[in-house]
Amino acid sequence: MTLSISDARRISFAIGIAGLLACALGWAIDRREFFICYLFGILVWLGIALGCSGFLMIHHLTGGRWGYPIRRFFEAAIKTLFILAVLFVPVFFGLRELYPWANPASVSLDKVLQHKHSYMNAPAVVVRALVLFAIWILGAQLLAKWSAEQDATTSVEPTKKLRKLSGPGLVIYPLTVTFAYVDWVMSMEADWYSTIFPLLVCISQMLGALAFVIILIGWLGPRTSLFEILSKENFHHLGNLLLTFTMLWAYLAYAQLIVIWSGDLPHEIGWYLHRIAGGWRIIAFTLLIFHFFGPFFFLLFRQTKRNPQVLVAVAAVIFLTHIIDVWWMIAPSVYHRGFYVTWMTPLALIGIGGIWLSVFLKHLESKPLIPMNDPRFAMAMPT
């Protein structure tokens, strides 16, 4: 018996509610651990939604054949940004537990934090977060609205609007992510700086989003209307994209490491020292092997990319490792002595993810899986 989208939506919602209730118990036990785990969970799923927005805008600009079978997945993902904004609200109540700049005692003892205080303070961070979510949600609403108009008419005007928005949108996306991750992640360590980090985050989000969508298309493709336009060539294109972003992620991660390490600046090196201390070193090697070397090796082969089952397996490894990467990005800023994971970590991931996936599947169900009336749609048909 195969699981339908409706069944999966109901199950994921129930799991999400159960996970969040368990996290609420964790909040009563240890507030600090709760907020660290909750931030991790929200950033994983926010990253998937934002990464999908990046790919959706690239597709609208290029009209690439690879994008037509998966466009609805991207559109469903960006429509979850409103619920993510709502789910992000608890983070505002944990600023003191998460960030040294929000702790008056830490600020009074650190000249760097005092220097940053006019920018890094609770009211400013909250306002910036609200503005950033407003920008993301507005962009998502316009993309969804004009896509619906495109389905309803043979006019090329909706297609033109989508392209005109996507160009500036691909500039706004990394710019807004820069502001967001400086506030939400980089500032977890008082004096760490990296100009490459926000771009690395964008590439990581898009890699995780693509892996997630490939997994879903492997599940839904053979038993839905997508079967009409899916071919081995489509999976080959998606495999090439997965390889490209795997290489981009590795290049930027290496560039950040080599620039910081060669500069020999204590304020910057400390970030890496926290992430190779004790058990965190094993996580670093895990990322190196399963987020780059392993997928890179398998995706070099044409047979891997043209075999849906194998490509989905590679994508699943990348997606799971992406989740580990987000934890490695956040947790060592707090747990310096070695690898640490609490029982709330998977619960926060599953709780937020269950709610997110339920909303995602609801939007996915609301429209036909095959885009309609796009003048470039013929490119998607298998040869």
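For this structure, a couple of remarks:
- Residue, most open to solvent (accessible area, probe 1.4 Å), within the range 16-61, restricted to residues that are β-branched (Val, Ile, Thr) and either touching a helix residue (DSSP H, G or I) at 6+ places or on another chain (Cβ under 6 Å) or free of Cβ contacts under 8 Å to residues at least 24 places away in the same chain (or both): 29
- Residue 275 vs. criteria modelled with pLDDT of 85 or more, surrounded by fewer than 17 Cβ atoms within 10 Å (Cβ to Cβ) and of a type in the set (D, E, K, R): no
- Exactly one residue out of 208, 278 is part of a helix (DSSP H, G or I) and small (Gly, Ala, Ser): that is 208.
- Any hit, the range 138-151, residues being of a type in the set (D, E, K, R), closer than 19 Å to residue 54 by Cα and part of a helix (DSSP H, G or I): yes
- Counting only helices (runs of 4 or more DSSP H) wholly contained in the range 288-333, the ones carrying 1 or more residues that are within 19 Å of the chain's Cα centre (by Cα) and buried (at least 21 other Cβ atoms within 10 Å of the Cβ) occupy 294-299, 308-330.
- In the range 117-158, residue farthest from residue 83 (Cα to Cα) [restricted to those that are among the charged types (D, E, K, R) and surrounded by fewer than 17 Cβ atoms within 10 Å (Cβ to Cβ)]: 157
- Within the range 211-233, the set of residues being touching a helix residue (DSSP H, G or I) at 6+ places or on another chain (Cβ under 7 Å) and either outside any helix (DSSP H, G or I) or without any contact (Cβ under 8 Å) to a residue 60 or more places away in the chain (or both) comprises 227, 229, 230.
- Segments classed as helices (runs of 4 or more DSSP H), wholly inside the range 1-108, with at least 2 members that are within 27 Å of residue 239 (Cβ to Cβ): 5-29, 31-62, 71-78
- Given (1) of a type outside the set (A, V, I, L, M, F, W, C); (2) more than 20 Å from residue 62 (Cα to Cα); (3) open to solvent by 20 Å² or more (accessible area, probe 1.4 Å); (4) assigned to a helix (DSSP H, G or I), number of the condition residue 195 does not satisfy: (4)
The values are calculated or read from the model by the stated rules, or taken from the named source; none is laboratory data. Since we're looking at a predicted model, the values are computed, not measured. Cβ atoms come from the backbone with ideal geometry, glycine included; neighbour counts cover every protein chain shown. Accessible surface is based on the protein model in full, side chains and every heavy atom, while ligands, DNA and RNA are left aside. Shrake-Rupley method; radii C 1.70, N 1.55, O 1.52, S 1.80 Å.
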